[in-house]
Amino acid sequence: MKNLAQHAAHSTSVNSPAPRAALATNWYAVLAAVLCGVAVAMNVGKVSIVMPQLRAEFGMSMVTAGWVSSMINMLAVTTALLFGLAGDRVGALRMCFFGLGVSAAGTLGAFFASGETGLLISRFAEGAGMVSVAVSAPALLTAASDPKDRRFALSMWSAYMPGGVGLVMLAAPLMMHLDGWRAVWMLTLAVIALAALAIYRSRHAYHVPAPANAETGMLATAKEALAQPAPWLLAFAMGCWTVQHFALIIWLPTFLREQRGFGALAVSLLSCFMVLVNVPGNLLGGKLLQRGYRRGNLILAASIVTGLSGAGIFLDVFPDIVRYALCLTLSFVGGLMPASVLSASATLSRTPKQIATLQGLFMQCGNLGSFIGPPIIAMLVASSGLWRDALFVTGTAALLGVAAGLAIRRYRV
């Protein structure tokens with residue numbers, strides 16, 4: 001009997017994975033999920049670069065061009081939370097595959113568009129795909145991560161938007177020499193296909209366990225997640241950040257081109273670098289969270305720095321080199337905010353099924369900030385002719401971000 005027990009113990013130790021191995025982070029699967037976000041974010045950034053070509057080919061008015069540019073953003077503003085609810089219902093992996101498929105279909109549809117209506121439909125499909133991926137991919141990388149690595153993994157996810165937009169901004173001027181806007185669309189299609197292949201190969205790492213209260217309905221589960229005050233405060237902080245960041249994205253190319261006479265390549269490279277420097281800021285935020293820094297403190301500190309940086313940028317009291325350095329500072333330090341907000345979904349979720357709902361909330365409020373901020377700034381600047389008036393908007397957003405950070409400090413998130 002003793003020998004039999006020893007044999008059974010030996011068999012168990014050989015055939016069963018060690019607890020540590022079972023929890024080890026699958027970094028390939030994490031990066032595959034992040035790549036999905038980068039791929040669909042490229043669809044967000046590609047249109048503004050090739051808009052002159054699109055307007056010439058499709059005969060679009062300024063109004064239609066605006067709809068083509070903002071279609072994805074408007075879908076996120078109006079439907080992200082609904083997409084998050086759907087993602088919790090159908091499962092993160094299925095939702096992510098659906099999003100990539102719809103994004104690819106929308107991108108392909110642009111090649112067959114014979115007019116502006118067809119192009120708008122293709123952009124609608126790309127928008128639906130982007131929102132689907134954005135609310136579902138965080139649940140995938142959460143499932144593939146060891147709890148001790150989860151905050152950093154989610155901070156990697158928070159860099160998907162600047163990563164995708166910056167990548168297409170960098171590549172588009174080169175691709176356009178091959179076949180105009182179609183070459184840029186082919187590039188995004190190739191990255192989407194690569195992302196789909198990557199998550200298919202990692203599909204076994206994305207097992208999301210069923211919650212203990214699996215019989216609870218979808219709406220009840222979502223209500224439980226959204227009944228907490230912390231997600232709403234974090235979402236509000238996300239909106240305050242995007243107001244500031246998108247004000248900078250609008251101002252810098254205009255300033256370099258119209259007031260300093262820079263060429264198209266220089267404007268593209270300097271603007272692209274400003275966007276991409278947000279990525280290491282996101283990663284730094286993840287590292288700080290992993291070391292135990294509180295989200296409220298990071299949001300508070302980042303809001304103070306971005307507010308002061310915005311004042312130095314828009315008040316026109318410093319030389320250009322200092323103002324550009326402040327642009328980089330605002331973008332880099334501001335990366336702490338999306339890292340702090342988007343990584344909170346795993347902490348605040350009572351079950352894995354709530355992650356997509358919270359991501360939808362964060363995405364919707366973040367896009368709301370980028371949706372309402374630029375038009376308000378445009379009205380102020382147009383009425384006075386002075387870019388310093390943008391500071392009324394960005395400064396207010398920074399102050400509200402400070403208030404949000406102070407409020408979030410009350411909660412252990």
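So here's what we get for this one:
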| read-out | value |
| --- | --- |
| Between region 310-328 and region 159-182, the Cα center-to-center distance that results, in Å | 27 |
| Phi-based couplings in Hz for region 323-333 (Karplus 6.51, -1.76, 1.60; Gly and Pro marked x) | 5, 5, 4, 5, 4, 5, 4, 4, 5, 5, 5 |
| Carbon plus sulfur fraction of accessible area for the chain, probe 1.4 Å, in percent | 69 |
| Long-range HN-HN contacts of Phe262 with modeled amide H, under 5 Å | Arg257 |
| Lys223, Lys287, Lys46, reordered so the largest accessible area comes first (probe 1.4 Å) | Lys223, Lys287, Lys46 |
| When region 317-357 is reduced to its Cα atoms, the Kirkwood hydrodynamic radius in Å | 12.5 |
| Within a Gaussian network of the chain (alpha carbon springs, distance under 10 Å), most fluctuating of Val317, Val402, Val40 | Val317 |
| Contour excess over end-to-end distance, with Cα ends at Leu269 and Phe111 and 0.36 nm allotted per residue | 54.1 nm |
| For Cα extents along the principal axes in Å, calculated from these coordinates, the label among (1) 71, 54, 37; (2) 89, 50, 38; (3) 63, 59, 39 | (2) |
| Efficiency of FRET between Lys223 and Thr78 - r from beta-carbon atoms, R0 22 angstrom, step 0.05 | 0.60 |
| Sites Tyr293 and Ala403, calculated FRET efficiency, Cβ-Cβ separation with R0 22 Å, nearest 0.05 | 0.70 |
| Karplus-derived HN-Hα couplings along region 36-43 (A = 6.51, B = -1.76, C = 1.60, θ = phi - 60°), whole Hz, x at Gly and Pro | 4, x, 4, 4, 6, 5, 4, 5 |
| Extension gain, Leu174 back to Phe392 (0.36 nm per residue minus Cα-Cα distance, nm) | 74.7 nm |
| Per residue accessible area of region 310-413, 1.4 Å probe, in Å² | 41 |
| Sum of -39500 (n - 2.57) over DSSP H runs of 4+, divided by residues of the chain (222 nm, nearest 500) | -27500 deg cm²/dmol |
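The values are calculated or read from the model by the stated rules, or taken from the named source; none is laboratory data. These numbers were taken from a predicted model, which means no experiment stands behind them. Note: ideal-geometry Cβ built from the backbone for every residue, glycine included; neighbour counts use all protein chains shown. Heads up: the accessible areas ignore ligands, DNA and RNA and are worked out on the full protein's heavy atoms, side chains in. Shrake-Rupley method; radii C 1.70, N 1.55, O 1.52, S 1.80 Å.
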